[in-house]
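Read the structure below first, then the notes.
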Amino acid sequence: MKTLRLELGARSYPIHIGRDLLARADLYGPHLDGRQVLVVSNETVAPLYLDQVLGALAGYDVHAVVLPDGERFKTMQTLSRVLDAAMDNRLARDATVVALGGGVIGDIAGFAAACYQRGVRYLQVPTTLLAQVDSSVGGKTAVNHPGGKNMIGAFHQPACVIADTGVLATLPERELAAGLAEVVKYGLIRDPDFFDWIERNVNALRGRDAQALAYAVEQSCRNKALLVSEDERESAARALLNFGHTFGHAIEAGLGFGTWLHGEAVAAGMCMASDLSVRLGWLDGATQQRIRDLVARLGLPTAAPGVVSSAQMLELMGMDKKVRAGRMRLILLRAIGDAVVSDNFDRAALDATLDQCREAR
C-alpha cells in the first residue's frame, strides 16, 4: 500500500492506494468520530463489495442506502434519498458517511455529508478508475441540473480516501477507458514525463496490469493533491484540472447525462481543446496529433458527437462554472505539461473547432 497526503492544514487527509484495502478495519477506524455510519453505494457495486466494507465496520452502528446506478440519477431527487436515510436512522453530527462506488456515488454521498446537519464527516472508497484518479480526491461534491453538470454542490473534503486497485479487475472495459482519460489529463496539464510513460504503457494499462494501474492511480493522485493543496477552491491553479471539461460537460449535457461516460466526453474535450490551441498558434500540430493518437489508442473518442450542434455546444459551454463576468474561460495548451486558463481566445477559432471537431454517429 502507498499512502499520499493531501495537505490542507487541519483538513489534511491520507489517500491510501493498493490492493485488498476494502476490508481493512484499520483504514476506516481512525476517521470515524462516532459510532454511526451510513454507507452509500449503488445497485452495481453493492452486490460486489458492500459486504467487505460492512465487515470492516463491524462493531459500529452501520446503515446502508443503495442507489440506482448511472449519471442520469445524479440528481436532487437521489440526493434526497441519502438525506432521508440519514434522518430515518437518526444520524447525529458525529456520524460518518462512506461513499462506496464511482464518481456519481462519491459526489452524491459527499454532497449529502456537506448538507446534513451543516456538515458531517465522510470517507471516499472509490471503485472505478476515474473515481480513484480524480473525483474522490479534492472535495468537490455535486449533483447535476438539466442546464448543466455539477451546477449544484459544495466543497467538502473527505476525511480519508481508500483506493483499492484490486476492484479494477471487475470494471467494464468502457469504464476503464473512461478513467484513463483523466489519467492522460494529468500528463497534459503538468506532468510531461507521466504523459510519456502513459504512451509507453498503453497496452499494460488496457490489459489491467496491476503494477501499471497502481502507478497510474498513484501518480494521478499525487498531481491532483499538489494542485488542490495549492488552490482548494479553484480560484487559480486548480482550474487546470478542468482541461477538456468545458467541452466535455457540454457533450454530456447535450446528449443527455449518462449517454456518454464522463471520461469519454473529457477525452473528446481534450482533443477539442488541443485543436483550439493549435488554431490560436499556441500548440504545434505534431503535438496535437500525438495527443489524438494516444486518446484513440486508449479506445476513447477524439471528437464530439455530430448530433450535438455547434450552437448547442456553445450555449452549454456558456453555463460552465469557470465563466467570469460573462466571459468564457478555457483551459488550453502551450505544450504537453504546460496548460493555461484563458479567456483571451478568438471566437472565430472556437467556432471553427466546434464545427470541425464533430463526428456523425
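Just checking, which of Gly147, Gly119, Gly110 is outside the structural domain of Cys221 (by TED's automatic domain parsing) and on the phi > 0 side of the Ramachandran plot? Spell out the reasoning first.
Details: Gly147 fails: on the phi > 0 side of the Ramachandran plot; Gly110 fails: on the phi > 0 side of the Ramachandran plot.
After applying the criteria, what remains is Gly119.
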Is it the case that Trp282 is in the same structural domain as Ala178 (by TED's automatic domain parsing) and closer than 22 Å to Val143 by Cα?
no
Identify, please: which residue in the range 112-142 is outside any helix (DSSP H, G or I) and basic (Lys, Arg) and is, among those, nearest to Asn223 (Cα to Cα)?
Lys140
Being buried (at least 21 other Cβ atoms within 10 Å of the Cβ) and under 15 Å from Ala159 (Cβ atoms) is the filter here, so list the residues in the range 14-26 that pass it.
Ile15
Here are some conditions: (1) touching a residue at least 12 places away in the same chain (Cβ under 8 Å); (2) more than 20 Å from the chain's Cα centre (by Cα). Ala311 meets all but one. Which one does it not meet?
(1)
Looking at (1) in a strand (DSSP E or B); (2) without any contact (Cβ under 8 Å) to a residue 60 or more places away in the chain; (3) touching an Asp or Glu at 6+ places or on another chain (Cβ under 8 Å), which is the one condition that is false for Ala99?
(3)
What pairs can you find where one residue is in the range 222-239 and β-branched (Val, Ile, Thr), the other is part of a helix (DSSP H, G or I) and surrounded by 18 or more Cβ atoms within 10 Å (Cβ to Cβ), and their Cβ atoms are less than 9 Å apart, with a gap of 6+ or different chains?
Val228/Arg238; Val228/Leu241
Options Phe243, Phe195; residue that is under 19 Å from Ser135 (Cβ atoms) and not hydroxyl-bearing (Ser, Thr, Tyr):
Phe243
Hits in the range 47-76 - residues which are closer than 30 Å to Gly147 by Cα and either part of a loop (DSSP other than H, G, I, E, B) or basic (Lys, Arg) (or both):
Pro68, Asp69, Gly70, Arg72, Lys74, Thr75
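For Asp134, indicate whether it is at pLDDT 95 or above, under 18 Å from Pro14 (Cα atoms), assigned by TED's automatic domain parsing to the domain that holds Val53 and buried (at least 24 other Cβ atoms within 10 Å of the Cβ).
Details: at pLDDT 95 or above: yes; under 18 Å from Pro14 (Cα atoms): yes; assigned by TED's automatic domain parsing to the domain that holds Val53: yes; buried (at least 24 other Cβ atoms within 10 Å of the Cβ): yes.
So Asp134 fits the description; yes.
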Does Gln52 satisfy the condition of being in the same structural domain as Gly139 (by TED's automatic domain parsing) and closer than 22 Å to Val120 by Cβ?
no
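Restricting attention to the range 149-189, which residues are part of a helix (DSSP H, G or I), of a type in the set (D, E, K, R) and farther than 15 Å from Gln219 by Cα?
First, the residues of the range 149-189 that are part of a helix (DSSP H, G or I): 165-170, 173-189.
Subsequent filtering for residues that are of a type in the set (D, E, K, R) retains 173-175, 182, 185.
The answer is Glu173, Arg174, Glu175.
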For the range 137-164, which residues satisfy the criterion of being buried (at least 24 other Cβ atoms within 10 Å of the Cβ) and polar (S, T, N, Q)?
Thr141, Asn144
Just to check your reading of the model, which residue among Thr3, Thr44 is out of contact with any helix residue (DSSP H, G or I) (no Cβ under 9 Å at 6 or more places or on another chain) and either part of a loop (DSSP other than H, G, I, E, B) or aromatic (Phe, Trp, Tyr) (or both)?
Thr44
Residue list for the range 343-361, filter: outside any helix (DSSP H, G or I) and surrounded by 14 or more Cβ atoms within 10 Å (Cβ to Cβ):
Phe345, Cys357, Arg358
It is to be established whether one or more residues within the range 129-139 are under 17 Å from Ala265 (Cα atoms) and of a type in the set (Ser, Thr, Tyr).
yes
Taking the condition touching a residue at least 40 places away in the same chain (Cβ under 8 Å), more than 23 Å from the chain's Cα centre (by Cα) and more than 21 Å from Gly254 (Cα to Cα), does Asp346 pass?
yes
Can you tell me how many residues in the range 90-131 are within 23 Å of Ala239 (Cβ to Cβ) and surrounded by fewer than 24 Cβ atoms within 10 Å (Cβ to Cβ)?
1
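The values are calculated or read from the model by the stated rules, or taken from the named source; none is laboratory data. The structure presented is a predicted model; accordingly, all values stated were derived computationally and were not measured. A quick note on method: Cβ atoms are made from the backbone with ideal geometry, for glycine too, and the neighbour counts reach across all protein chains shown.
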